[in-house]
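S.K.: I'd like to ask you about the structure that follows.
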Amino acid sequence: MAWLLKAHPLIEKDIKKLSKTDKEHLRGLILRIKENPNRFKPLTGYAGCFRIRFSGLRLVYAIKGETIWLIIVDKRKKVYKEMAKRIKGL
């Protein structure tokens, strides 16, 4: 199945805050997500949403049909509150 990858408009801000090594790690994770998006840990209470932990950060993404939406990348302390706001806009 060919997955279409889209990103929430505010994720660019999140990525700009990351270090160079975290950006490279994120790039590799995104490629792994496109291969098999269901392989990572699902979020309870949010159908079709998944999270990946890396370098003290969280990447949250959602699957809607054949589209993978990258929602947020941030520290755990902030990510879940902001994620709930961003998901409403999808």
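S.K.: Restricting to segment 40-68, what's the tally of residues that are touching a Pro at 6+ places or on another chain (Cβ under 9 Å) and either hydrophobic (A, V, I, L, M, F, W, C) or not in a loop (DSSP other than H, G, I, E, B) (or both)? Give the steps one after another, and end with the answer.
M.R.: First, the residues of segment 40-68 that are touching a Pro at 6+ places or on another chain (Cβ under 9 Å): 48-51, 61, 63, 68.
Then drop every residue that is not either hydrophobic (A, V, I, L, M, F, W, C) or not in a loop (DSSP other than H, G, I, E, B) (or both), which leaves 49-51, 61, 63, 68.
Residues flagged as touching a Pro at 6+ places or on another chain (Cβ under 9 Å) and either hydrophobic (A, V, I, L, M, F, W, C) or not in a loop (DSSP other than H, G, I, E, B) (or both) within segment 40-68 amount to 6.
S.K.: If you scan segment 11-39, which residues turn out to be outside any helix (DSSP H, G or I) and either touching a Gly at 6+ places or on another chain (Cβ under 9 Å) or closer than 13 Å to Leu57 by Cα (or both)? Break it down stepwise before answering.
M.R.: Residues of segment 11-39 outside any helix (DSSP H, G or I): 17-19, 36.
Passing the criteria: Lys17, Leu18, Ser19.
S.K.: Out of curiosity, is Leu29 surrounded by 13 or more Cβ atoms within 10 Å (Cβ to Cβ) and under 17 Å from Leu90 (Cα atoms)? Write out each step before concluding.
M.R.: Values: surrounded by 13 or more Cβ atoms within 10 Å (Cβ to Cβ): yes; under 17 Å from Leu90 (Cα atoms): no.
Answer is no for this residue.
S.K.: Return a yes/no flag: does segment 77-85 have any residue that is touching a residue at least 12 places away in the same chain (Cβ under 8 Å), within 15 Å of Asp22 (Cβ to Cβ) and not in a helix (DSSP H, G or I).
M.R.: no
S.K.: OK, next. Please name all residue pairs, on different chains or six or more residues apart, with Cβ atoms under 7 Å, provided the first residue is in segment 65-76 and is under 21 Å from Ser55 (Cβ atoms) and the second residue is among the acidic types (Asp, Glu).
M.R.: Matching pairs, first to second residue: Ile72/Asp14; Ile72/Glu82; Val73/Asp14; Asp74/Asp14; Asp74/Glu82.
S.K.: Collect the residues in segment 65-80 that are surrounded by fewer than 12 Cβ atoms within 10 Å (Cβ to Cβ) and either touching a helix residue (DSSP H, G or I) at 6+ places or on another chain (Cβ under 6 Å) or over 16 Å from Thr44 (Cβ atoms) (or both), keeping them in residue-number order. Outline the logic, then answer.
M.R.: To start, the set of residues in segment 65-80 that are surrounded by fewer than 12 Cβ atoms within 10 Å (Cβ to Cβ) comprises 65-66, 75-77.
Result: Gly65, Glu66, Lys75, Lys77.
Laboratory data are not the source of any read-out in this text; all were calculated from the coordinates shown. Predicted model, so just to flag it, every value in this text is computed and none were measured. Here the Cβ is made from the backbone with ideal geometry for all residues, glycine too, and neighbour counts use every protein chain on show.
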